[in-house]
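Right, one structure below, let's go through it.
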Amino acid sequence: MQENIIHIKNMVCDRCIKSVTNILCSLSILHKPVKLGQVTITSPLTPELKTVFKQKLEEDGFELIDDKKSKLIEQIKKQLVSVLQDEISDKKFKLSKFLGDSLHHDYSYLSNLFSTIEGKTIENYFINLKVEKIKELLVYDELSISEIAYKMGYSSSAHLSNQFKQVTGLTPSFFKSMGSAKRKSLSDI
């Protein structure tokens, strides 16, 4: 049995996994359980079937990734999303060490590649992800701002508030009063 790993851009949540799984099943493509950003195909994929698969993915906002650098960018994004899903309450968390260790590349290479292709730094991208996660937590209204700050790895609620306001132009309290109107999907960051 020949396995073929296919990387998919904009696959950042459980709903994305479900959507891609549905596409695979609708096309009768045999596969292993879908993971964030990748699918392992366990049956031969003809060029025609690959074209239809690609079209169906694009209809749902996904994109096949073909070159190595783009795959590495998607792996960086996937790692950053997974960090947020696991939460970062460890104050000693170092993004550069985490990415370097998990992707087996020098962080300066990853950083330069990401900036060149994405037009923003890994740190800015990660801050935007964190802000979207903070928005989600604010809308759920289950935690105080200081609890969210701790959960998201900020040194204080003031630090969280300052960064939130820099990115959104709003204070967390004001955003909370607005509801979910200003949230973005993680794939839009």
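The values are calculated or read from the model by the stated rules, or taken from the named source; none is laboratory data. Being a predicted model, the structure only gives us computed values, none of them experimental. Please note: Cβ atoms are built from the backbone with ideal geometry, for glycine as well, and neighbour counts cover all protein chains shown. In case anyone asks, the SASA skips ligands and DNA or RNA and just uses the protein heavy atoms, side chains included. Shrake-Rupley method; radii C 1.70, N 1.55, O 1.52, S 1.80 Å.
Extending 7 Å from the Cα toward the beta-carbon at both E147 and L27 defines two label points whose distance is 4.4 nm. Taking only protein heavy atoms and a 1.4 Å probe, the accessible area of the range 1-88 is 48% carbon and sulfur. When only alpha carbons are used to place a centre, the range 38-61 and the range 150-167 end up 41 Å from one another.
Taken over the alpha carbons of the range 104-172 as equal point scatterers, the Debye sum produces base-10 log I(q)/I(0) values at 0.26 Å⁻¹ of -1.06. When the charge dipole of the chain is built from unit charges on Cβ atoms (+1 for Lys and Arg, -1 for Asp and Glu) and taken about the Cα centre, the candidate among I122, I145, L72 whose Cα reaches farthest toward its positive end is I145. Every helix of 4 or more DSSP H residues in the chain counts as -39500 (n - 2.57), and over all residues that averages to -18500 deg cm²/dmol at 222 nm.
Peptides 68-75, 171-178 ranked from most to least packed by the mean count of surrounding Cβ atoms within 10 Å: 68-75, 171-178.
With the largest listed first and rounded to whole Å, the semi-axes of the equivalent ellipsoid of the chain from the Cα gyration tensor are 33, 20, 14. Put a dot 7 Å past the Cα of T46, heading toward its Cβ, do the same for S108, and the two dots end up 5.1 nm apart.
Distance between the 7 Å Cα→Cβ label points at E59 and E3: 2.9 nm. Distance between the C-alpha centres of the range 98-132 and the range 12-36: 26 Å, rounded to the whole angstrom. Extension gain, E123 to M178: 0.36 nm times the residue separation minus the Cα-Cα distance gives 17.1 nm.
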